[in-house]
Amino acid sequence: TLVTAGVYLLIRFNMLLIDMFFFKFLLLLSGLTMFMAGMSANYEFDLKKIIALSTLSQLGLMMSILSMGLPELAFFHLLTHAMFKALLFMCAGVIIHMMNDNQDIRFMGGISLYIPMTSLCLNISNLALCGIPFLAGFYSKDLILEMVSMSNLNMLIFFLYYFSTGLTMFYTIRLLMYLMINDYNLFSVYNLYDEDYIMLKSMFLLLFMSLVTGSFLMWMIFNYPYMIYLSINMKMMVIYVSLIGLIMGYLISNMSIYSLNKFLMTYNL
(Lines give C-alpha, C1' and ligand atoms only; values in the text may rest on other atoms or scores of the structure.)
Protein backbone atom coordinates (compact mmCIF):
# COMPACT_ATOMS: atom_id res chain seq x y z
CA THR A 1 0.00 0.00 0.00
CA LEU A 2 2.79 2.40 0.89
CA VAL A 3 4.58 1.88 -2.40
CA THR A 4 1.59 2.35 -4.67
CA ALA A 5 -0.11 5.19 -2.77
CA GLY A 6 1.43 7.86 -5.00
CA VAL A 7 0.39 6.01 -8.14
CA TYR A 8 -3.15 5.72 -6.82
CA LEU A 9 -3.20 9.43 -5.96
CA LEU A 10 -2.17 10.33 -9.49
CA ILE A 11 -4.78 7.94 -10.89
CA ARG A 12 -7.43 9.73 -8.84
CA PHE A 13 -6.23 13.19 -9.88
CA ASN A 14 -5.51 12.34 -13.51
CA MET A 15 -8.29 14.58 -14.86
CA LEU A 16 -6.50 17.62 -13.47
CA LEU A 17 -3.17 16.67 -14.97
CA ILE A 18 -4.20 15.53 -18.42
CA ASP A 19 -2.81 17.45 -21.44
CA MET A 20 -0.21 19.18 -19.32
CA PHE A 21 3.45 19.40 -20.33
CA PHE A 22 4.20 17.77 -16.99
CA PHE A 23 2.69 14.55 -18.27
CA LYS A 24 5.12 14.32 -21.19
CA PHE A 25 7.97 14.89 -18.76
CA LEU A 26 6.51 12.25 -16.43
CA LEU A 27 6.34 9.77 -19.29
CA LEU A 28 10.05 10.13 -19.94
CA LEU A 29 10.94 9.95 -16.24
CA SER A 30 8.84 6.88 -15.53
CA GLY A 31 10.16 5.12 -18.62
CA LEU A 32 13.69 5.75 -17.39
CA THR A 33 12.65 4.52 -13.94
CA MET A 34 11.46 1.24 -15.46
CA PHE A 35 14.70 0.86 -17.40
CA MET A 36 17.07 1.72 -14.57
CA ALA A 37 15.26 -0.40 -11.98
CA GLY A 38 15.31 -3.38 -14.32
CA MET A 39 19.01 -2.91 -14.98
CA SER A 40 19.83 -2.60 -11.29
CA ALA A 41 17.91 -5.74 -10.39
CA ASN A 42 20.19 -7.74 -12.69
CA TYR A 43 23.32 -6.83 -10.74
CA GLU A 44 21.82 -7.27 -7.28
CA PHE A 45 22.53 -10.22 -5.02
CA ASP A 46 20.10 -9.37 -2.23
CA LEU A 47 16.79 -11.21 -2.48
CA LYS A 48 14.72 -8.37 -1.05
CA LYS A 49 16.49 -5.77 -3.17
CA ILE A 50 15.76 -7.71 -6.36
CA ILE A 51 12.05 -7.87 -5.54
CA ALA A 52 11.99 -4.21 -4.46
CA LEU A 53 13.67 -3.11 -7.68
CA SER A 54 11.23 -5.15 -9.72
CA THR A 55 8.41 -3.41 -7.83
CA LEU A 56 10.00 -0.09 -8.74
CA SER A 57 10.11 -1.16 -12.37
CA GLN A 58 6.42 -2.04 -12.31
CA LEU A 59 5.64 1.30 -10.68
CA GLY A 60 7.43 2.98 -13.55
CA LEU A 61 5.23 1.00 -15.91
CA MET A 62 2.08 2.15 -14.11
CA MET A 63 3.16 5.77 -14.06
CA SER A 64 4.15 5.78 -17.70
CA ILE A 65 0.89 4.24 -18.88
CA LEU A 66 -0.91 6.76 -16.68
CA SER A 67 0.99 9.61 -18.27
CA MET A 68 -0.05 8.32 -21.69
CA GLY A 69 -3.60 9.04 -20.63
CA LEU A 70 -4.92 5.57 -19.76
CA PRO A 71 -5.69 5.70 -16.04
CA GLU A 72 -8.00 2.69 -15.87
CA LEU A 73 -5.31 0.56 -17.48
CA ALA A 74 -2.81 1.77 -14.88
CA PHE A 75 -5.25 0.88 -12.13
CA PHE A 76 -5.79 -2.56 -13.65
CA HIS A 77 -2.07 -3.18 -13.64
CA LEU A 78 -1.85 -1.89 -10.08
CA LEU A 79 -4.39 -4.45 -8.92
CA THR A 80 -2.99 -7.45 -10.78
CA HIS A 81 0.55 -6.54 -9.75
CA ALA A 82 -0.57 -6.33 -6.13
CA MET A 83 -1.65 -9.97 -6.20
CA PHE A 84 1.52 -11.63 -7.38
CA LYS A 85 3.94 -9.19 -5.81
CA ALA A 86 2.41 -9.69 -2.37
CA LEU A 87 2.83 -13.43 -2.90
CA LEU A 88 6.42 -12.89 -4.01
CA PHE A 89 7.28 -10.87 -0.91
CA MET A 90 5.67 -13.47 1.35
CA CYS A 91 7.68 -16.26 -0.27
CA ALA A 92 10.87 -14.22 0.01
CA GLY A 93 10.16 -13.62 3.69
CA VAL A 94 9.68 -17.33 4.31
CA ILE A 95 12.89 -18.15 2.47
CA ILE A 96 14.94 -15.51 4.30
CA HIS A 97 13.57 -16.74 7.62
CA MET A 98 14.44 -20.31 6.77
CA MET A 99 17.92 -19.36 5.61
CA ASN A 100 18.59 -18.09 9.15
CA ASP A 101 17.99 -14.43 8.15
CA ASN A 102 20.45 -14.55 5.29
CA GLN A 103 19.39 -12.56 2.25
CA ASP A 104 22.17 -13.24 -0.24
CA ILE A 105 20.91 -15.33 -3.15
CA ARG A 106 24.41 -16.71 -3.76
CA PHE A 107 24.05 -18.61 -0.48
CA MET A 108 20.79 -20.20 -1.57
CA GLY A 109 20.14 -22.93 -4.08
CA GLY A 110 18.18 -26.12 -4.37
CA ILE A 111 15.46 -24.58 -2.23
CA SER A 112 12.79 -26.44 -4.19
CA LEU A 113 13.99 -29.69 -2.64
CA TYR A 114 13.47 -28.49 0.90
CA ILE A 115 10.46 -26.15 0.73
CA PRO A 116 8.57 -27.23 -2.41
CA MET A 117 5.28 -25.43 -1.77
CA THR A 118 6.94 -22.09 -1.04
CA SER A 119 9.06 -22.53 -4.16
CA LEU A 120 5.94 -23.27 -6.18
CA CYS A 121 4.33 -20.05 -4.99
CA LEU A 122 7.53 -18.13 -5.64
CA ASN A 123 7.90 -19.49 -9.16
CA ILE A 124 4.31 -18.93 -10.19
CA SER A 125 4.28 -15.38 -8.87
CA ASN A 126 7.60 -14.74 -10.59
CA LEU A 127 6.25 -16.03 -13.88
CA ALA A 128 3.12 -13.93 -13.49
CA LEU A 129 5.43 -10.95 -13.04
CA CYS A 130 7.14 -11.85 -16.31
CA GLY A 131 3.85 -11.81 -18.16
CA ILE A 132 3.66 -15.49 -19.04
CA PRO A 133 0.39 -15.84 -21.01
CA PHE A 134 -2.85 -16.43 -19.09
CA LEU A 135 -1.44 -15.67 -15.68
CA ALA A 136 -2.46 -12.43 -13.98
CA GLY A 137 0.41 -10.24 -15.12
CA PHE A 138 -0.07 -11.13 -18.76
CA TYR A 139 -3.47 -9.49 -19.14
CA SER A 140 -2.48 -6.07 -17.83
CA LYS A 141 1.08 -6.04 -19.16
CA ASP A 142 0.18 -7.23 -22.64
CA LEU A 143 -2.66 -4.73 -22.89
CA ILE A 144 -0.35 -1.93 -21.78
CA LEU A 145 2.32 -2.83 -24.31
CA GLU A 146 -0.22 -3.15 -27.09
CA MET A 147 -1.63 0.27 -26.28
CA VAL A 148 1.94 1.60 -26.41
CA SER A 149 2.36 0.00 -29.82
CA MET A 150 -0.89 1.60 -30.96
CA SER A 151 0.09 5.09 -29.85
CA ASN A 152 2.20 7.41 -31.97
CA LEU A 153 5.10 7.90 -29.60
CA ASN A 154 8.74 8.10 -30.55
CA MET A 155 11.22 5.25 -30.72
CA LEU A 156 12.80 6.02 -27.35
CA ILE A 157 9.64 5.38 -25.34
CA PHE A 158 8.90 2.27 -27.38
CA PHE A 159 12.41 0.94 -26.76
CA LEU A 160 12.23 1.71 -23.04
CA TYR A 161 8.94 -0.16 -22.66
CA TYR A 162 10.01 -3.26 -24.51
CA PHE A 163 13.52 -3.39 -23.14
CA SER A 164 12.18 -3.07 -19.59
CA THR A 165 9.83 -5.97 -20.27
CA GLY A 166 12.79 -8.05 -21.45
CA LEU A 167 14.73 -7.06 -18.33
CA THR A 168 11.85 -8.22 -16.13
CA MET A 169 12.13 -11.66 -17.69
CA PHE A 170 15.89 -11.44 -17.28
CA TYR A 171 16.14 -10.93 -13.53
CA THR A 172 13.29 -13.33 -12.90
CA ILE A 173 15.10 -16.16 -14.68
CA ARG A 174 18.29 -15.18 -12.89
CA LEU A 175 16.55 -15.41 -9.53
CA LEU A 176 15.02 -18.74 -10.49
CA MET A 177 18.37 -20.16 -11.53
CA TYR A 178 20.06 -19.00 -8.35
CA LEU A 179 17.33 -20.28 -6.04
CA MET A 180 16.07 -23.44 -7.68
CA ILE A 181 18.55 -24.96 -10.13
CA ASN A 182 21.68 -24.85 -7.97
CA ASP A 183 22.65 -27.42 -5.39
CA TYR A 184 22.32 -26.34 -1.80
CA ASN A 185 25.40 -24.27 -1.13
CA LEU A 186 25.95 -24.90 2.59
CA PHE A 187 27.58 -21.47 2.86
CA SER A 188 25.14 -20.47 5.55
CA VAL A 189 23.96 -22.31 8.60
CA TYR A 190 21.64 -25.09 7.50
CA ASN A 191 18.28 -24.00 8.83
CA LEU A 192 15.80 -25.27 6.27
CA TYR A 193 13.05 -27.00 8.16
CA ASP A 194 9.60 -27.96 6.89
CA GLU A 195 7.12 -25.57 5.37
CA ASP A 196 5.55 -22.76 7.31
CA TYR A 197 2.01 -24.13 7.17
CA ILE A 198 0.48 -21.05 8.77
CA MET A 199 1.75 -18.82 6.00
CA LEU A 200 0.97 -21.37 3.30
CA LYS A 201 -2.79 -20.86 3.79
CA SER A 202 -2.65 -17.20 2.82
CA MET A 203 -0.03 -17.92 0.19
CA PHE A 204 -2.29 -20.41 -1.56
CA LEU A 205 -5.08 -17.85 -1.54
CA LEU A 206 -2.75 -15.34 -3.20
CA LEU A 207 -1.61 -18.04 -5.61
CA PHE A 208 -5.17 -18.64 -6.72
CA MET A 209 -5.70 -14.89 -7.07
CA SER A 210 -2.58 -14.43 -9.17
CA LEU A 211 -3.83 -17.12 -11.53
CA VAL A 212 -7.42 -15.90 -11.84
CA THR A 213 -7.53 -12.19 -11.12
CA GLY A 214 -6.14 -11.01 -14.47
CA SER A 215 -8.97 -12.32 -16.60
CA PHE A 216 -11.52 -11.65 -13.86
CA LEU A 217 -10.58 -7.98 -13.47
CA MET A 218 -10.36 -7.56 -17.22
CA TRP A 219 -13.95 -8.74 -17.41
CA MET A 220 -14.99 -6.57 -14.45
CA ILE A 221 -13.26 -3.22 -15.03
CA PHE A 222 -13.52 -2.43 -18.73
CA ASN A 223 -17.09 -1.85 -19.79
CA TYR A 224 -15.97 -1.35 -23.37
CA PRO A 225 -13.13 -3.49 -24.76
CA TYR A 226 -10.02 -1.83 -26.15
CA MET A 227 -9.88 -2.00 -29.93
CA ILE A 228 -6.31 -2.97 -30.79
CA TYR A 229 -5.40 -3.25 -34.44
CA LEU A 230 -1.81 -4.34 -35.03
CA SER A 231 0.16 -6.51 -37.41
CA ILE A 232 1.12 -10.02 -36.31
CA ASN A 233 4.71 -9.09 -35.49
CA MET A 234 3.63 -6.17 -33.34
CA LYS A 235 1.11 -8.36 -31.54
CA MET A 236 3.73 -11.01 -30.90
CA MET A 237 6.39 -8.48 -29.89
CA VAL A 238 5.77 -8.99 -26.15
CA ILE A 239 6.28 -12.73 -26.51
CA TYR A 240 9.39 -12.24 -28.65
CA VAL A 241 10.90 -9.94 -26.04
CA SER A 242 9.98 -12.34 -23.22
CA LEU A 243 11.58 -15.26 -25.04
CA ILE A 244 14.76 -13.29 -25.72
CA GLY A 245 14.90 -12.27 -22.05
CA LEU A 246 14.36 -15.87 -20.98
CA ILE A 247 17.17 -17.19 -23.18
CA MET A 248 19.56 -14.42 -22.14
CA GLY A 249 18.77 -14.87 -18.45
CA TYR A 250 19.33 -18.59 -18.75
CA LEU A 251 22.65 -18.19 -20.53
CA ILE A 252 24.05 -15.56 -18.21
CA SER A 253 22.94 -17.36 -15.05
CA ASN A 254 24.44 -20.53 -16.47
CA MET A 255 27.74 -18.75 -16.88
CA SER A 256 27.69 -17.27 -13.42
CA ILE A 257 26.72 -20.19 -11.19
CA TYR A 258 29.96 -22.08 -10.73
CA SER A 259 32.48 -19.58 -12.07
CA LEU A 260 33.22 -15.89 -11.73
CA ASN A 261 30.12 -13.89 -12.58
CA LYS A 262 30.91 -12.92 -16.16
CA PHE A 263 27.86 -10.69 -16.32
CA LEU A 264 29.64 -8.33 -13.95
CA MET A 265 32.24 -7.74 -16.67
CA THR A 266 29.71 -5.47 -18.36
CA TYR A 267 30.45 -3.04 -15.52
CA ASN A 268 33.42 -2.01 -17.66
CA LEU A 269 30.93 -0.22 -19.90
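The values are calculated or read from the model by the stated rules, or taken from the named source; none is laboratory data. This structure is a prediction, so every number in the text was calculated from the model and none was measured. Cβ sites come from the backbone with ideal geometry, for glycine too, and all protein chains shown count toward neighbours. For the accessible areas, the whole protein counts, side chains as well, though only heavy atoms, and no ligand, DNA or RNA atoms are used. Shrake-Rupley method; radii C 1.70, N 1.55, O 1.52, S 1.80 Å.
Miscellaneous remarks
- Highest to lowest packing among 233-241, 202-210, scored as the average C-beta count within 10 Å: 202-210, 233-241
- Ranking by accessible area, most exposed first, for ASP46, ASP19 with a 1.4 Å probe: ASP19, ASP46
- Rounded, prolate or oblate (a/c below 1.5 giving rounded, otherwise prolate when a/b exceeds b/c) for region 22-160 by Cα gyration tensor: prolate
- For the chain, the longest principal axis of the alpha carbon atoms and the long axis of helix 197-221 meet at an angle near 20°.
- In this Cβ point-charge picture (+1 for Lys and Arg, -1 for Asp and Glu), the chain has a dipole of about 380 debye about its Cα centre.
- For ILE244, the solvent-accessible surface with a 1.4 Å probe is about 110 Å², rounded to the nearest 10.
- Legend: residues TYR178, TYR197, TYR229, sorted from most to least accessible area (1.4 Å probe; ligands, DNA and RNA excluded), read TYR229, TYR197, TYR178.
- Protein-only accessible surface order, largest first, of ILE228, ILE65, ILE247 at 1.4 Å: ILE247, ILE228, ILE65
- Additional length obtainable on full extension of the chain from MET147 to ASN233, 0.36 nm per residue less Cα span: 29.5 nm
- Comparing ILE173, MET150, SER112 along the charge dipole axis of the chain, the residue lying farthest to the positive side is MET150, per the Cβ-charge model.
- Across region 16-24, computed HN-Hα scalar couplings (Karplus, 6.51 cos²θ - 1.76 cosθ + 1.60, θ = phi - 60°) run 6, 8, 5, 6, 9, 5, 4, 6, 5 Hz from first to last residue, x flagging Gly and Pro.
- With all protein chains kept in place, the per residue accessible area of the chain amounts to 50 square angstrom at a probe of 1.4 angstrom.
- Rounded percent of accessible protein surface that carbon and sulfur make up, the chain, 1.4 Å probe: 73 percent
- FRET efficiency for LEU251 and GLU195, using Cβ-Cβ distance with R0 set to 22 Å, rounded to 0.05: 0.10
- Here the label points at PHE208 and TYR8, each 7 Å from Cα along the C-beta direction, are separated by 2.4 nm in the simple model.
- Set LYS85/LYS201; LYS49/LYS141; LYS49/LYS235; LYS85/LYS141; LYS48/LYS235 screened for pairs whose C-alpha atoms are more than 26 Å apart: LYS49/LYS235; LYS48/LYS235
- Gyration tensor (alpha-carbon) shape descriptor, region 1-267, a/c threshold 1.5: prolate
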